[in-house]
Amino acid sequence: MTLTADGVGPYLEIVVADTGVGIAAEDLGRLGRPFEQAGDAGQKKMGTGLGLALVRSLTELHGGRLMVDSTLGEGSAFTVRMPVVELAPPVTDEPVA
């Protein structure tokens, strides 16, 4: 598994990728919905199907997007892209010149 983080324009992009079993194309549309799981029965009993739903919800709550790229038998890459907020400088009591 690899984890990368990078600035892409005005976004923070975090990618988690693996070389696991991958996800079938017909299952990709269901990912990110609560309690949805892809794969065979052995894979499904390894979790609840909430992880990606929580990631997707929190990402969208912050104005971002979750993307999935996967090939069955080769692995998957999950990308979270979120806008970066530039904070204003702290307010001080000193007069402005």
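The values are calculated or read from the model by the stated rules, or taken from the named source; none is laboratory data. Nothing here was measured: the structure is a model prediction, and the numbers come from that model. Quick reminder, even Gly has a Cβ in these numbers, built from the backbone with ideal geometry, and neighbours come from all protein chains shown. Calculation scope for accessible area: heavy atoms of the full protein, side chains included, ligands and nucleic acids excluded. Shrake-Rupley method; radii C 1.70, N 1.55, O 1.52, S 1.80 Å.
When Lys and Arg each count +1 and Asp and Glu each count -1, what net charge do the other residues less than 13 Å away from Val84, Cβ to Cβ, add up to? Its environment carries a net charge of -2.
Carbon and sulfur together cover what percent of the accessible area of segment 47-97 at a 1.4 Å probe radius? In segment 47-97, the share of accessible area belonging to carbon and sulfur is 61 percent.
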